[in-house]
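Below: the structure, in structure tokens.
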């Protein structure tokens with residue numbers, strides 16, 4: 001059996017071109033949600049969607065959809081593809097963008113082949129997936145499935161004091177369409193793995209059957225500011241040292257427990273943040289993940305217990321704010337099987353796997369059958385300029401997506 | 001024997017009035033060196049110096065002097081009093097300001113009494129003592145004694161990217177006089193203790209005979225940014241966790257060694273500082289102090305050894321930048337004895353002690369006999385709005401300074 005293929009040159013050129021948008025003067029890539037640089041990325045994507053003959057739909061939370069529908073399938077729930085184009089700070093070029101641009105590529109290929117889908121096909125770029133500027137992450141897809149009211153999401157205050165709604169309006173991406181108006185029949189998200197498993201196993205395709213649960217907390221520890229020279233060590237109430245214990249404790253605990261859990265203290269801020277003053281306050285975040293809900297809850301409880309010990313031993317006070325909490329997600333078994341079958345038919349080794357990262361697919365899974373396709377990440381690195389996936393792997397993943405879409409959207 | 005006294009009401013009013021300058025809308029006091037709020041404080045001080053009939057001298061590094069000289073002592077080295085009026089962030093009202101305003105008060109009292117000093121008496125407010133905005137701290141007095149070239153000090157880049165020289169010019173305190181032109185015959189600095197010793201011993205006066213050595217370092221730890229969800233704990237190179245080890249190690253080490261050393265990690269910054277990204281970089285400061293030079297060097301070496309262990313165990317790289325280094329200082333024995341004698345004559349209990357904080361006196365001690373007088377700090381707290389010294393203690397300290405000045409500047 002011979003297989004059709006997506007246009008590899010066009011897909012790779014699109015990825016490179018989008019990856020050039022949002023570079024600072026040191027060449028670092030940053031497109032935070034609803035920022036000036038992300039607006040440039042959005043504008044480019046919309047131009048490509050329009051050039052491909054798709055209907056461009058922008059909803060109130062700024063989600064962008066490129067919709068391919070015909071007279072005889074208009075109004076039916078769409079097979080939805082996609083991901084996001086916002087990035088972390090100093091990012092790589094594949095995370096999110098690959099899924100959006102491969103979705104566009106698959107639609108262009110099918111149109112060029114004269115494929116007549118039984119239902120509309122849409123490619124989506126969801127707002128604020130990364131959550132760097134506005135918390136929680138995956139906010140656009142969360143709004144799409146009705147997990148948070150649109151007004152509440154628009155009122156989200158970012159790390160820079162802006163609100164998402166005003167920033168979307170400022171960059172011209174506060175659309176008029178009600179979020180969720182475009183109903184998915186099913187959702188397939190193609191993404192780089194962002195972890196080391198596929199590369200280590202020399203496996204080009206991952207059929208993602210489930211996704212880790214995620215717990216995000218902001219922790220504020222208050223001690224007593226005091227002079228760094230005159231306050232004996234035993235008389236201190238140092239918020240910074242109390243904060244330092246948390247990340248190290250979590251690492252030790254997870255190592256002892258031998259669980260697949262991960263814990264990250266990714267942000268940290270001291271007050272008053274002066275060389276010669278004992279920190280009165282430390283504000284930091286904890287990101288906990290585990291594919292098993294019971295184990296994730298146990299990890300949260302263990303952290304809470306350690307915070308109680310820290311309060312008792314350091315004399316500090318602790319405030320915990322829950323920023324985001326998502327239970328582990330199980331993807332649609334039938335779509336996972338279509339991914340496996342499609343990879344196998346192309347002679348591509350495929351393994352079922354768990355996603356360690358959060359993805360928009362986990363939100364859409366609340367309202368429609370959903371699954372994900374992973375391709376290898378070199379050295380497992382992501383959220384970093386060294387993020388890389390070999391062109392052959394990018395093309396192979398997009399071709400598997402092409403086949404999956406053909407099967408799901410094809411006429412019976 | 002009856003004693004003359006400074007004007008207690010005037011001194012306390014001056015302290016309160018200066019302490020009201022630099023409040024933000026939440027009432028927090030911050031007068032960082034050469035800032036807009038510190039300019040307001042400087043303007044007020046200069047007005048008071050002029051109203052007291054003193055010659056106001058401002059040098060190129062922004063040090064302010066109020067000079068009392070007469071026809072028959074003009075040109076002789078001056079007995080210098082003083083301290084600083086810049087503050088940390090969210091500060092108390094006594095640190096530094098008390099020494100400057102008590103110096104002014106002593107001069108005003110002596111003038112009102114018709115005292116005829118054998119030599120000029122000057123009160124100094126040295127620039128950037130706190131070192132919060134510009135490093136190193138005690139920069140104005142360091143320049144005064146020739147410890148750093150004026151041009152180099154003026155070129156210092158602050159935490160906000162400004163240079164000290166341009167900020168001094170902007171606020172109108174880049175004077176024309178060469179730093180060091182005003183030669184001290186001796187220097188006496190009255191200051192709050194900023195520690196718990198005097199209060200604990202119910203002792204109103206400290207005769208400070210020496211001062212801890214200070215070592216300031218900035219440490220940059222570089223790891224690898226990576227996705228917080230997909231990177232197994234064992235495969236991480238987390239700059240934030242590596243940084244967390246440093247402060248905790250130093251605390252444990254000092255507790256084991258039973259030394260009077262103190263160590264503080266007062267500032268901390270992560271990059272990229274995102275919830276879901278493993279920190280690629282942690283930048284923080286370490287403040288080490290000990291009254292014994294050999295022990296301070298040993299502590300620095302211990303820290304260097306721990307950093308080597310962290311490099312080996314965490315897979316990070318470490319860059320260390322020395323920000324400031326001052327050896328322990330021994331103050332002038334004769335002035336310390338005059339302080340003791342003066343306190344004793346007023347029936348005030350006095351103890352010899354070590355200063356845990358850095359002070360301008362340690363700089364002036366390089367070129368002239370110098371010593372300090374301490375008064376109690378409630379709960380030992382400083383660099384904090386709760387910083388407090390009882391009015392009776394403030395007045396007692398100023399009266400001891402009055403007596404010390406009378407003896408040192410009196411005619412033989």
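The values are calculated or read from the model by the stated rules, or taken from the named source; none is laboratory data. For clarity, every value in this text was computed on a predicted model and none was experimentally measured. Quick reminder, even Gly has a Cβ in these numbers, built from the backbone with ideal geometry, and neighbours come from all protein chains shown.
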Next item on the list: Working only within segment B:134-161, note down all residues that are in contact (Cβ under 8 Å) with a residue 40 or more places away in the chain and out of contact with any helix residue (DSSP H, G or I) (no Cβ under 8 Å at 6 or more places or on another chain).
Entry: B:135, B:137, B:146
Next item on the list: Scan segment A:289-308 and give yes if some residue there is surrounded by fewer than 17 Cβ atoms within 10 Å (Cβ to Cβ), touching a helix residue (DSSP H, G or I) at 6+ places or on another chain (Cβ under 7 Å), more than 10 Å from every other protein chain (Cβ to nearest Cβ) and assigned to a helix (DSSP H, G or I), otherwise no.
Entry: yes
Note to self: Suppose the filter is over 26 Å from residue B:32 (Cα atoms) and assigned by TED's automatic domain parsing to the domain that holds residue A:346; does residue A:197 pass it?
What the structure shows: yes
Check: Name the residues in segment A:323-345 that are out of contact with any strand residue (DSSP E or B) (no Cβ under 6 Å at 6 or more places or on another chain) and either buried (at least 18 other Cβ atoms within 10 Å of the Cβ) or closer than 29 Å to residue A:299 by Cβ (or both), would you?
Finding: A:333, A:338, A:342
Next item on the list: Filter segment A:23-36 down to residues that are crowded, with 18+ Cβ neighbours inside 10 Å and within 16 Å of residue A:127 (Cα to Cα), then give me how many there are.
Entry: 6
Next item on the list: Check every one of the strands (runs of 3 or more DSSP E) wholly within segment A:185-288 and list those with 2 or more residues that are within 10 Å of chain B (Cβ to nearest Cβ), in contact with a helix residue (DSSP H, G or I) (Cβ under 8 Å, 6 or more places away or on another chain) and modelled with pLDDT of 95 or more.
Entry: A:262-264, A:268-271
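Return yes when residue B:314 is over 27 Å from residue A:230 (Cα atoms), touching a residue at least 12 places away in the same chain (Cβ under 8 Å) and within 13 Å of chain A (Cβ to nearest Cβ) and no when it is not.
Numbers: over 27 Å from residue A:230 (Cα atoms): yes; touching a residue at least 12 places away in the same chain (Cβ under 8 Å): yes; within 13 Å of chain A (Cβ to nearest Cβ): yes.
Yes: the conditions hold for residue B:314.
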Next item on the list: Can you give me the ranges of the helices (runs of 4 or more DSSP H) entirely in segment B:46-159 with at least 1 residues that are under 17 Å from the mean Cα position of the chain (by Cα) and under 16 Å from residue B:401 (Cβ atoms)?
Entry: B:97-112
Checklist line | Which numbered condition residue B:181 misses (of (1) over 19 Å from residue A:228 (Cα atoms); (2) within 12 Å of another protein chain (Cβ to nearest Cβ); (3) at pLDDT 95 or above) | finding: (2)
Checklist line | Those residues of segment B:224-245 which are within 33 Å of the chain's Cα centre (by Cα) and surrounded by fewer than 24 Cβ atoms within 10 Å (Cβ to Cβ), in sequence order | finding: B:245
Note to self: Let me spell it out: the conditions are (1) surrounded by fewer than 24 Cβ atoms within 10 Å (Cβ to Cβ); (2) modelled with pLDDT of 95 or more, and residue A:136 meets all of them except one. Which number is the exception?
What the structure shows: (2)
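Please tell me if residue A:203 is assigned by TED's automatic domain parsing to the domain that holds residue A:38 and without any contact (Cβ under 8 Å) to a residue 60 or more places away in the chain.
Working: assigned by TED's automatic domain parsing to the domain that holds residue A:38: yes; without any contact (Cβ under 8 Å) to a residue 60 or more places away in the chain: no.
Taking the combined requirement at face value, the residue does not satisfy it.
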Next item on the list: Go through segment B:33-87 and give me each residue that's without any contact (Cβ under 8 Å) to a residue 24 or more places away in the chain, farther than 26 Å from residue B:156 by Cβ and touching a strand residue (DSSP E or B) at 6+ places or on another chain (Cβ under 8 Å).
Entry: B:50, B:55
